[in-house]
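Colleague: I have a structure here, written as structure tokens, and I will follow up with some questions on it.
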Amino acid sequence: MNLFELGNLSFLATAIASILSVVLLVAISQQLWTLRWSITRDRDSDLPLPKGSMGWPVVGETLDWLFQGSNFHVTRREKYGNVFKTHLLGKPVIRVTGAENIRKILMGEHSLVCTQWPQSTRIILGPNTLANSVGELHKRKRKILAQAFSHVAFETYLPRLQDVIKREVAKWCSEPGSIDVYAASKALTFRIAVQVLLGLDAPDAQMDYLSKTFEQLTDNLFSLPIDVSFSGLRKGMKARDILHNVIEKMIEEKLQKQWSGYNDAFDYILSSAKENHFDITLQELKETAVELIFAAHATTASASTSLILLLLLHPSVALKSRGEIESSELGHAINRTSAPRLSPENSVETSRELEAVPVDNRNATPIAQLHNGKVGPSYHLPHLTLEKLSRMRYLDCVVKEVLRLFPPVSGGYRTVLKTFELDGCQIPKGWSVMYSIRDTHETAPVYQCPEQFDPERFGPERDEVAKGGRFSYVPFGGGVRGCVGKELAQVIIKTLATELLATTEWRMATTKPPRMQTVPVVHPVNGLHVHFNYKHP
């Protein structure tokens, strides 16, 4: 063997030794990483930690989670069960599915767990918000806000709410081409929050500016908490300050005006604070206003988009909902016509990309045909009341099923205050626990064929949720942290659905429905593009 060959062998041996050293080092570091979290278990408890993997040092399973999306949780749940541990975004997390498990977490607020928001979210929204309040302060603030979300308040909001929806739907129908329903729904819910809840009327140009400013705030809510130029946190804080300035002027004008009765949420909040002897400051009012917009904006827009998508995919449900409206007292006040013609050449097929949303007929047609040319409304819906909305029982089932299949928020995070037990495992103090809304809806044994869109499951003959217990259906969370505006969200969605079904026709602009993304809220990846037209004889 010559010197050259010996050199090659020596180099090869060195390379192999280096690779083996790296592999060994990685294996040891991963074992140490796993051990590092294993020793954080509560030694006063005999129960083991949940099964699962903590992934790689420092990054944990974050990269897997980002690449796999919702499949990450599905595969882990199938492998480890309804309670499993992982490591995401720099923190150990225990993921929890199942009605009974969720019940323990949601009902354990302030005793077993406490709410947890990222630092950037706390900074941008502010310390005076309901979301960032704990204990007795949280209870007092929730009590004050409750009046703004009462049935009496909803009756006050409803005429203006319906007018805002009518105006936005008119814009949808005036577009010569298709509109992106998700973007349009976000614009709609922003207007509802600002005009109906805050009582702020502004020209379209200013409203569009405020909407974009608010989008900048929400886009940076979950950013690194680093306050430097061009950072996400700085952008979010800048957007918040712009909104606060506008809201401050609005509040000052409201306080200077003579009392003229209840008109918006702020009237109810100010009155409730006075009744409960709660000295609410201007800063608290500004932060509350932004929180109201935040609570009413993205999640309601998500649910509205899902509603329109599912009605497009299930024409029989849409026609039954429309028939309920036409047979009600509302229908007698609408200029009615025969049902729209449905042609087979415009069929909508289910995309394999859209998981768990089967079409009731593979050759289903769009809900309605688009007429040639844009015309004004030939069908006028009279003013609604809560009592009139409550009579539409089938539409109520449709909305509930939309929220079951596509809950806008997939779950919530909590910090564990003291060790407790779930599914025979310990949930250690100091860890983060995430309860999964979407997974619980998908796996609850009470639901027949849970992957199907079936509003009848909420009807009086089946009422699957009543049989399975309240925590098998939690689109708005539950317990003391349950969404304070959940009933208002449903009123908004039902009002929009009633307006669309009674006065318009629509069809999808694409051959396949969009793929849905679940983070930060459920929404179509590239939008939902739809043609809208007013109905005419």
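The values are calculated or read from the model by the stated rules, or taken from the named source; none is laboratory data. All values derive from a computational prediction rather than experimental measurement. Note that each Cβ is placed from the backbone with ideal geometry, even for glycine, and that neighbours are counted across all protein chains shown. The area values use the complete protein model at the heavy-atom level, side chains included, leaving out ligands, DNA and RNA. Shrake-Rupley method; radii C 1.70, N 1.55, O 1.52, S 1.80 Å.
Colleague: Name the one entry in 473, 534 that is of a type in the set (Ser, Thr, Tyr), touching a Lys or Arg at 6+ places or on another chain (Cβ under 9 Å) and more than 29 Å from residue 383 (Cβ to Cβ).
Modeller: Result of the check over 473, 534: 473.
Colleague: List the pairs whose first member sits in the range 298-317 and is within 15 Å of residue 527 (Cα to Cα), whose second member is assigned to a helix (DSSP H, G or I) and among the charged types (D, E, K, R), and whose Cβ atoms are under 6 Å apart, counting only residues at least 6 apart or on separate chains?
Modeller: Final answer for the pair search is 301/186.
Colleague: Would you check which residues across the range 491-528 are in a strand (DSSP E or B), under 21 Å from residue 177 (Cα atoms) and among the polar types (S, T, N, Q) and list them?
Modeller: Correct list: 504 only.
Colleague: Inside the range 38-120, counting only helices (runs of 4 or more DSSP H) that do not spill past its ends, which hold 3 or more residues that are free of Cβ contacts under 8 Å to residues at least 24 places away in the same chain and surrounded by fewer than 21 Cβ atoms within 10 Å (Cβ to Cβ)?
Modeller: Correct list: 62-68, 70-80.
Colleague: A further question follows. Kindly indicate whether residue 155 is among the acidic types (Asp, Glu), touching a helix residue (DSSP H, G or I) at 6+ places or on another chain (Cβ under 7 Å), touching a residue at least 24 places away in the same chain (Cβ under 8 Å) and part of a helix (DSSP H, G or I).
Modeller: yes
Colleague: Would you mind telling me which numbered condition in (1) farther than 25 Å from residue 131 by Cβ; (2) crowded, with 17+ Cβ neighbours inside 10 Å residue 452 fails?
Modeller: Of everything listed in (1) farther than 25 Å from residue 131 by Cβ; (2) crowded, with 17+ Cβ neighbours inside 10 Å, residue 452 misses just condition (2).
Colleague: If you don't mind, another one. Scanning the range 164-214 for residues that are closer than 25 Å to residue 238 by Cα and of a type in the set (D, E, K, R), which turns out least open to solvent (accessible area, probe 1.4 Å)?
Modeller: Result: 191.
Colleague: Given the criteria of a type in the set (Lys, Arg), surrounded by fewer than 15 Cβ atoms within 10 Å (Cβ to Cβ), at pLDDT 90 or above and not in a strand (DSSP E or B), does residue 143 qualify?
Modeller: The answer is yes for residue 143.
Colleague: From the list 161, 233, 221, 217, exactly one residue is open to solvent by less than 10 Å² (accessible area, probe 1.4 Å), farther than 25 Å from residue 119 by Cβ and either out of contact with any strand residue (DSSP E or B) (no Cβ under 8 Å at 6 or more places or on another chain) or among the polar types (S, T, N, Q) (or both). Which is it?
Modeller: Residue meeting the stated conditions: 161.
Colleague: Looking at the range 121-140 only, could you name the residues that are assigned to a loop (DSSP other than H, G, I, E, B), open to solvent by less than 60 Å² (accessible area, probe 1.4 Å) and farther than 21 Å from residue 486 by Cβ?
Modeller: The answer is 126, 128.
Colleague: Also, quick follow-up: Among all residue pairs at least 6 apart or on different chains, which show Cβ distances below 8 Å where the first residue, located in the range 272-297, is more than 19 Å from residue 246 (Cα to Cα) and the second is open to solvent by 60 Å² or more (accessible area, probe 1.4 Å) and of a type in the set (D, E, K, R)?
Modeller: 272/143; 273/279; 276/140; 276/143; 278/140
Colleague: While we're looking at this one, here's another question. Is there any pair linking a residue in the range 248-260 that is at positive phi and open to solvent by 80 Å² or more (accessible area, probe 1.4 Å) to one that is in a helix (DSSP H, G or I) and of a type outside the set (Gly, Ala, Ser), with Cβ under 7 Å and at least six apart or on different chains, and which?
Modeller: As it stands, the answer is none, since no pair meets every condition given.
Colleague: Let me confirm something: among 319, 342, 285, 310, which residue is at pLDDT 90 or above and open to solvent by 10 Å² or more (accessible area, probe 1.4 Å)?
Modeller: 319
Colleague: Further, regarding this structure: One residue is enough: does the range 141-148 have a residue meeting the conditions in contact (Cβ under 8 Å) with a residue 40 or more places away in the chain and in contact with a Cys (Cβ under 7 Å, 6 or more places away or on another chain)?
Modeller: No, every residue in the range 141-148 fails to be in contact (Cβ under 8 Å) with a residue 40 or more places away in the chain and in contact with a Cys (Cβ under 7 Å, 6 or more places away or on another chain).
Colleague: Filter the range 382-418 down to residues that are closer than 30 Å to residue 92 by Cα and in a helix (DSSP H, G or I), then give me how many there are.
Modeller: 3
Colleague: Tell me which residues, restricted to the range 430-442, are open to solvent by 20 Å² or more (accessible area, probe 1.4 Å) and either within 19 Å of the chain's Cα centre (by Cα) or without any contact (Cβ under 8 Å) to a residue 24 or more places away in the chain (or both).
Modeller: Once the filter is applied, which keeps residues that are open to solvent by 20 Å² or more (accessible area, probe 1.4 Å) and either within 19 Å of the chain's Cα centre (by Cα) or without any contact (Cβ under 8 Å) to a residue 24 or more places away in the chain (or both), the range 430-442 yields 438, 442.
Colleague: Moving on to the next point. Could you tell me whether residue 236 is of a type in the set (Gly, Ala, Ser), more than 20 Å from residue 194 (Cα to Cα) and within 30 Å of the chain's Cα centre (by Cα)?
Modeller: When the stated conditions are applied, residue 236 does not pass them.
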